[in-house]
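All remarks here apply to the structure that follows.
We did not get these values from a lab; they are worked out from the coordinates using the rules stated. Please read these numbers as outputs of a predicted model, since none were measured by experiment. FYI the Cβ positions are ideal-geometry reconstructions off the backbone, even for glycines, and counts take in every protein chain you see.
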Amino acid sequence: MRLDHLSFAAGPDGLASTAERLGSLLGKQFSDGGVHPRFGTRNMILPLDGGNYLEIVECLDHPASDKAPFGQAVRARSAAGGGWLGWVVAVDDLAELEVRLGRESVKGNRHLPNGEELLWRQIGVNSLMDDPQLPFFIKWESPAEMHPSNGADSDFSLATLEIAGDPQRVSEWLGETVEAPLEDVKVEWVAPNGTPGSWPRSSRRRRVSSGSDPRVTPRTDPPRRAGATPSPNIWHNPATYEIENRAADPHGRIEGAMASVAAWDGARFLDIGCGNGFHLPRWAATAATVVGVEPHPDLAALARRRTRRSHNVTVEVATAQSLPVADASIDVAHARWAYFFGPGCEPGLAELDRVMARGGTAFVIDNDGSRSTFGAWFRRGYPTIDPDAIERFWSLRGWSRIGVDMGWSFETRADLEAVVRIEFAPAVADEILASHTGTDVDYAVNVWWRAF
């Protein structure tokens, strides 16, 4: 049992454009892999040293993609904006798995561009769709010299695989410890109680040293709703931002400040810029209905997956200045580090005027750059942002402020360092980390609120 490959579903820009975008980030070109006639899909591949490879896959306009589980999985992921689909484990024998899973494996084949045919059997794709942290299994029937990893650059291999999920659950699925198929790849587990899934954090070029943090991935301009303000952190590093969310406000002081103004029990709740839905389950526990709005399709898809068992939650791809809710339909609105950064957010404020019900309350949570250790870091990293000007902006528009000392508290120093590096430019991050010890940071924020 070993890690065989990682699958990435093409985005709305199509297979070729997605491959070009990822290839430019990795410094390698993907090549045409061919067509999967049984699944109604095609792929492009990038061989990796160590017997692994990456594939980018898209659905064809073919009935097979609607019927085959793999085609259905690819279509659903691409419809959500594309992104990492899953990981695949190679085994020598599928018989034990067929007995344990209670179903037969299915044939797979790929017509290669050179006219040859690659053959295998696979099992477990249905479970991947239900629980994306779980791999599916493959047994190759073609000779080893036809494996897609052949021809890899010996200096280019997978270094780290990040899995958002529960290692115990994955071990049970594998039938042995999760480390078995991943002995040559570093695995980092995040969000054991959050959104499941997997993605590589980095590839490595052997014999080349780098001072960069492998948790921080290169930045791109992913597909998003027009008019969206790009996020410099979660859009490019969602897994590391998950770590940040877990470390922020460990004592719940932000929500305490909100509740002191307006409770959301039985309320119609709107979360603007909900990201991957980290906070949505909290609101859903007591609110009557919750609408999450997120302009990034991939993050919206993660938010939907995270709240798939919460029947009072819907997630929409939209922007703060064009909210997909009716007039006077919201009792409590919440925006945390999302769009409402002072001057420039006036269109979003006008939308709040439209959607808030009479007697409703809106909250905007943002950094307080005037105090705390993080505030000093923030001023150093973003010197053009004037805390006094921000305060004047909100006060002149009738908003009130509650200062909250929320804090950061990380489980490990590595987690703190990873988060600092997605929040600040490299030189500033280096300075911050060199001057700060430990895993906790005093961190002040402003909870701005207004009654309607």
List every residue whose amide H lies under 5 Å from the amide H of Ala159, counting only residues 5 or more places away in sequence or on a different chain, with H placed 1.01 Å from N in the peptide plane. Ser202, Ser203, Arg204
Name the residues whose placed amide hydrogens come within less than 5 Å of the amide hydrogen of Gly34, ignoring near sequence neighbours (fewer than 5 apart) on the same chain. Asn43
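Of the listed peptides 60-68, 357-365, 294-302, what is their order by residue-averaged count of other C-beta atoms within 10 Å, with the highest listed first? Present the calculation step by step, with values, prior to reporting the outcome.
Details: 60-68: 14.7, 357-365: 19.2, 294-302: 25.4.
Most protected by this proxy first, the peptides run 294-302, 357-365, 60-68.
If you stretched the chain out fully between Arg308 and Ala427, how much longer would it get, using 0.36 nm times the residue separation minus the C-alpha to C-alpha distance? Could you put the intermediate results ahead of the total?
Numbers: separation 119, 0.36 × 119 = 42.84 nm, distance 4.03 nm.
So the chain would gain 38.8 nm between Arg308 and Ala427.
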Please arrange Trp394, Trp448 by how many other C-beta atoms lie within 10 Å of their C-beta, fewest to most. Trp394, Trp448
Spin-label model distance (nm) - Arg380 vs Asp66, 7 Å beyond Cα toward Cβ: 5.8
Over the chain: helical MRE at 222 nm, DSSP H runs n ≥ 4 each giving -39500 (n - 2.57), nearest 500: -8000 deg cm²/dmol
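Order the peptides 261-270, 169-178 from the highest to the lowest mean number of other Cβ atoms within 10 Å of their residues.
Values: 261-270: 18.1, 169-178: 16.2.
Those peptides, ordered most packed to least, come out 261-270, 169-178.
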In nm, give the distance between the simple-model label positions of Glu172 and Ser329, each being 7 Å from the Cα along the Cα-to-Cβ direction. 3.9
Geometric extent, Cα atoms of the chain - Rg, Dmax (angstrom): 23.4, 72
Restricting to aspartates and glutamates and to Cα separations under 16 Å from Lys67, and discarding same-chain partners fewer than 8 apart, the set is Glu58
Once the cut-off is 22 Å, how many percent of the Cα-Cα pairs in the range 302-374 end up in the long-distance tail? 33
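Determine the dipole magnitude for the chain: charges of +1 sit on the beta-carbon of Lys and Arg, -1 on that of Asp and Glu, nothing else is charged, the reference point is the Cα centre, and the result goes in debye to the nearest 20.
800
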Would you order Phe424, Phe39, Phe340 from fewest to most other beta-carbon atoms within 10 Å of each residue's own beta-carbon? Phe424, Phe340, Phe39
Kindly write out, for the range 87-101 in residue order, the coupling ³J(HN,Hα) from the Karplus curve 6.51 cos²θ - 1.76 cosθ + 1.60 (θ = phi - 60°), rounded to whole Hz, with x marking Gly and Pro. 10, 10, 10, 8, 10, 8, 8, 9, 4, 5, 5, 4, 5, 5, 8
Top positive-direction residue, dipole computed over the chain with Cβ charges, set Gly398, Tyr241, Trp173: Gly398
Take every DSSP beta bridge with both residues inside the range 238-451 and express the antiparallel ones as a percent of the total, to the nearest 5. 45
When only alpha-carbon atoms are used, what values of Rg and Dmax, in angstrom, describe the range 1-156? 14.7, 43
Cleavage-rule hits (chymotrypsin sites (Phe, Trp or Tyr not before Pro)) in the range 67-136: DSSP loop, at most 15 neighbouring Cβ within 10 angstrom: none
Binned at 10 Å from 0, what are the whole-percent values of the Cα-Cα distance distribution for the range 238-451, short to long? 8, 33, 38, 19, 3, 0
What are the ³J(HN,Hα) values, in whole Hz, obtained from phi via the Karplus relation 6.51 cos²θ - 1.76 cosθ + 1.60 with θ = phi - 60°, for each residue of the range 318-325 in sequence order, with x given for Gly and Pro? 6, 10, 5, 8, 8, 6, x, 9
Which of the aspartates and glutamates could a cross-linker span from Lys28 if the Cα-Cα distance has to be under 16 Å and same-chain partners fewer than 8 positions apart are dropped? Glu20, Asp49, Glu55, Asp153, Asp155
With a point put 7 Å past each Cα toward its Cβ, work out how far Ala288 is from Ser17 in nm, to one decimal. 4.2
